[in-house]
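One structure is given here, and the rest of the page talks about it.
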Amino acid sequence: MLSQFTVLIKWAVLLPVLLLAALFAVANDHVVQFRFNPLDSADSASQIELPLYQIVMAAFVIGALCGAFTAWNGQRKYRRKARVQSGEAAKWQARAEQAGDVPRSPSATLLPGPDMR
């Protein structure tokens, strides 16, 4: 039930945004000059002529990518902690198996292992 609700909410937000983006693209198809160096208007090598909606969409994509990278980079300490804990768990599991302290379930003795046919 919750999954259907989240999909409904996602489309209720996403559909108007997509519709507005399409209307913006249709209404703003005139060509504008985008200058990489706004202080020197005579420099023709640092300017490009594009439709306005392409510049806005490129800014949106660059912003989304920067936001995704920032969120991914913010999770770095949790990934590192999980990697360390995984290594520790594997070390202690190997130590317990070597000592023979690993309890075996009754069903584990009845089932063949992956290498037994």
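Go through (1) hydroxyl-bearing (Ser, Thr, Tyr); (2) touching a Phe, Trp or Tyr at 6+ places or on another chain (Cβ under 8 Å); (3) assigned to a loop (DSSP other than H, G, I, E, B) and name the single condition residue 53 misses.
Looking at each condition in turn, residue 53 falls short on (3).
Here is a yes/no grid of residues against (1) of a type in the set (Asp, Glu); (2) modelled with pLDDT of 90 or more; (3) open to solvent by 60 Å² or more (accessible area, probe 1.4 Å):
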| residue | (1), (2), (3) |
| --- | --- |
| 38 | no, no, yes |
| 42 | no, no, yes |
| 55 | no, no, no |
| 63 | no, yes, no |
| 75 | no, yes, yes |
| 78 | no, yes, yes |
| 82 | no, yes, no |
| 86 | no, yes, yes |
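Within the range 1-36, how many residues turn out to be aliphatic (A, V, I, L, M), in a strand (DSSP E or B) and open to solvent by 70 Å² or more (accessible area, probe 1.4 Å)?
Here the count works out to 1.
Yes or no, residue by residue, for (1) closer than 29 Å to residue 27 by Cβ; (2) outside any helix (DSSP H, G or I); (3) out of contact with any strand residue (DSSP E or B) (no Cβ under 8 Å at 6 or more places or on another chain):
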site: 49; (1), (2), (3): yes, yes, no
site: 59; (1), (2), (3): yes, no, yes
site: 72; (1), (2), (3): no, no, yes
site: 91; (1), (2), (3): no, no, yes
site: 94; (1), (2), (3): no, no, yes
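Cβ-Cβ under 6 Å, sequence separation 6+ or interchain: first residue in the range 1-30 and closer than 17 Å to residue 56 by Cα, partner assigned to a helix (DSSP H, G or I). Which pairs?
What qualifies is 24/53; 25/53; 28/52; 28/53.
The values are calculated or read from the model by the stated rules, or taken from the named source; none is laboratory data. Owing to the predicted nature of the structure, the values given are computational and were not obtained by experimental measurement. No Cβ is skipped: glycine too gets one built from the backbone with ideal geometry, and neighbour counts run over all protein chains shown. The area values use the complete protein model at the heavy-atom level, side chains included, leaving out ligands, DNA and RNA. Shrake-Rupley method; radii C 1.70, N 1.55, O 1.52, S 1.80 Å.
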